[in-house]
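Notes follow the structure.
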Amino acid sequence: MKTNTLLKQIRQEHASAFTHSGKFHADDVFSAALLLYLNPEITITRGNKVPEDFEGIVFDIGRGQYDHHQKDSRIRKNGVAYAALGLLWEALGAEILGEELAQKFDEAFVQPLDNNDNTGEKNELAALIGNFNPTWDASGSNDEAFFQAVSVAGMILENKFERYLGNERADRRVEEILEAHESALQSGEKTENEAKILILPEFVPCQKRLSETEIAFVIFPSNRGGYCIQPQKKEYSLNYKCSFPSEWLGLENEELQKETGLVSAGFCHKGGFLLTTGTLEDAVKACEISLAEYREEPVLVNFGGGAAADELLGKLPGLQTARIIHMDYAELPELELQGIYGEVVMEKQEWKAFVKTQIKQILKYKPEAVYVADHMFEGYPVVHALRKKHIPVLTMVEKDGQKLLVRIPSGS
């Protein structure tokens with residue numbers, strides 16, 4: 001097994017590290033927190049210049065292996081440049097999370113911070129850490145503020161690592177449960193009516209994985225006693241595969257028991273994402289009743305498009321019966337013109353409210369997907385807002401002379 005020399009250096013007795021002084025950023029703060037996570041006893045020193053006789057780990061200064069300020073600093077294959085945190089994580093991440101999870105953590109957590117440090121692109125976590133810097137007119141060293149920020153960053157890292165490892169354990173457990181569920185169906189131990197109902201022996205995060213399956217309801221023991229039922233969403237959708245009857249929503253105890261006919265029914269959230277019962281038998285019955293009564297009424301929104309888009313929307317796999325709602329673009333807001341150039345006469349908050357109103361009108365239909373016609377000014381803000389809410393957005397493209405609907409990938 002290859003020895004990680006950096007990790008060995010970090011964990012040695014009397015280990016030390018050096019980084020730059022002055023204003024700090026999320027990059028050097030999280031780099032320091034990472035070193036302290038691996039060795040809480042490591043000594044981290046800050047300064048304007050690396051001492052000539054310094055023999056410890058140097059990061060974010062000095063133009064060395066864990067600095068990124070030199071002209072030939074490294075760039076990932078996807079185009080995101082490394083900062084100090086990314087360089088350290090590249091060497092250390094697999095030791096903490098394993099190679100596969102370390103790569104996912106790099107993409108989701110490290111790269112946005114690296115990108116912020118290298119380009120100034122907005123990042124809420126980086127802004128939060130940056131706010132630990134003393135005010136412009138504060139006197140004295142800011143080392144104390146730096147280590148306060150490092151302490152917070154350390155808690156964030158520790159929590160994130162536990163979350164990633166916990167999710168990995170959950171993924172393995174869910175696969176075991178699904179395998180047992182499928183085996184019970186194949187052997188006849190469970191009936192065909194129970195195929196869409198998954199009973200968990202304990203709560204396990206599984207919504208993302210189950211969106212890829214036919215399972216519509218999950219039942220698991222409640223930490224308050226009894227059982228909880230959660231409907232499962234379709235893949236790439238805001239909507240459930242099956243919903244509780246609308247008459248149940250918002251009811252509890254005697255009212256819910258009377259409406260459902262289930263003597264141990266306890267509570268049904270008005271949002272429809274949770275129902276509780278006292279017994280497992282009633283939990284299963286609640287799912288069976290819901291599956292029997294549910295009638296799907298899928299909706300697609302055609303935002304700014306015409307008949308050509310309607311024709312394609314009517315051919316979407318599994319959505320041929322969907323109702324298509326037409327929504328026109330909002331009227332062009334008032335413009336301040338200078339010749340052929342124009343700017344919207346709105347303050348930032350007014351513009352946000354303008355876009356939010358359009359999104360609210362779309363979301364009230366709970367669409368399976370939204371087609372957005374290719375008008376940049378009207379369409380882009382809506383597409384951006386819908387993607388942030390993980391709602392499938394479709395656009396029209398032409399390939400080999402054929403018009404197609406394509407879903408804009410997540411993260412676009």
Any hit, segment 404-412, residues being exposed (fewer than 11 other Cβ atoms within 10 Å of the Cβ), in contact (Cβ under 8 Å) with a residue 24 or more places away in the chain, hydroxyl-bearing (Ser, Thr, Tyr) and outside any helix (DSSP H, G or I): yes
Any residue in segment 109-119 that is of a type in the set (D, E, K, R) and open to solvent by 90 Å² or more (accessible area, probe 1.4 Å)? no
Look through Ile57, Ile42 and report the one residue that is free of Cβ contacts under 8 Å to residues at least 40 places away in the same chain, of a type in the set (A, V, I, L, M), in contact with a strand residue (DSSP E or B) (Cβ under 7 Å, 6 or more places away or on another chain) and at negative phi. Ile42
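Here is a yes/no grid of residues against (1) hydrophobic (A, V, I, L, M, F, W, C); (2) closer than 30 Å to Thr277 by Cα:
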| position | (1), (2) |
| --- | --- |
| Trp136 | yes, no |
| Asp143 | no, no |
| Gln148 | no, no |
| Ala170 | yes, yes |
| Gln186 | no, yes |
| Ile215 | yes, yes |
Give me the pairs, please: first residue somewhere in segment 131-144 and touching a residue at least 24 places away in the same chain (Cβ under 8 Å), second residue anywhere and outside any loop (DSSP other than H, G, I, E, B), beta-carbon distance under 6 Å, and either six or more positions apart or on two chains. Phe132/Ala145; Phe132/Gln148; Phe132/Ala149; Asp143/Arg46
Which of the residues belonging to segment 76-94 are in contact (Cβ under 8 Å) with a residue 40 or more places away in the chain and either closer than 21 Å to Glu121 by Cβ or open to solvent by 50 Å² or more (accessible area, probe 1.4 Å) (or both)? Ala83, Ala84, Leu85, Leu88, Trp89
Report yes if Gly154 is within 26 Å of Leu92 (Cβ to Cβ) and surrounded by 14 or more Cβ atoms within 10 Å (Cβ to Cβ), otherwise no. yes
Unique residue being under 23 Å from Pro317 (Cα atoms), acidic (Asp, Glu) and either outside any helix (DSSP H, G or I) or open to solvent by 20 Å² or more (accessible area, probe 1.4 Å) (or both) when the list is Glu343, Glu398, Glu350: Glu398
Consider Val370 carefully, then state whether it is in a helix (DSSP H, G or I), touching a residue at least 40 places away in the same chain (Cβ under 8 Å), under 30 Å from Cys242 (Cβ atoms) and more than 19 Å from the chain's Cα centre (by Cα). no
Which residue pairs have Cβ atoms under 9 Å apart, sit 6 or more places apart or on different chains, and have a first residue in segment 62-75 that is aliphatic (A, V, I, L, M) and a second that is surrounded by 14 or more Cβ atoms within 10 Å (Cβ to Cβ)? Ile75/Ala81; Ile75/Tyr82
Among what's in segment 249-281 and is buried (at least 23 other Cβ atoms within 10 Å of the Cβ) and in contact (Cβ under 8 Å) with a residue 24 or more places away in the chain, pick the residue that is farthest from Lys366 (Cα to Cα). Thr277
Checking Lys315, Lys285 in turn, the sole residue that is open to solvent by 60 Å² or more (accessible area, probe 1.4 Å), within 22 Å of Gln402 (Cβ to Cβ) and either basic (Lys, Arg) or at pLDDT 95 or above (or both) turns out to be Lys315
Looking at Thr321, Thr357, which one is among the β-branched types (Val, Ile, Thr), farther than 30 Å from Glu107 by Cβ and within 26 Å of the chain's Cα centre (by Cα)? Thr357
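The values are calculated or read from the model by the stated rules, or taken from the named source; none is laboratory data. Small disclaimer: the values here were computed from a predicted structure and weren't measured. In this analysis, Cβ positions are derived from the backbone assuming ideal geometry, glycine residues included, and neighbour counts consider all displayed protein chains. For the accessible areas, the whole protein counts, side chains as well, though only heavy atoms, and no ligand, DNA or RNA atoms are used. Shrake-Rupley method; radii C 1.70, N 1.55, O 1.52, S 1.80 Å.
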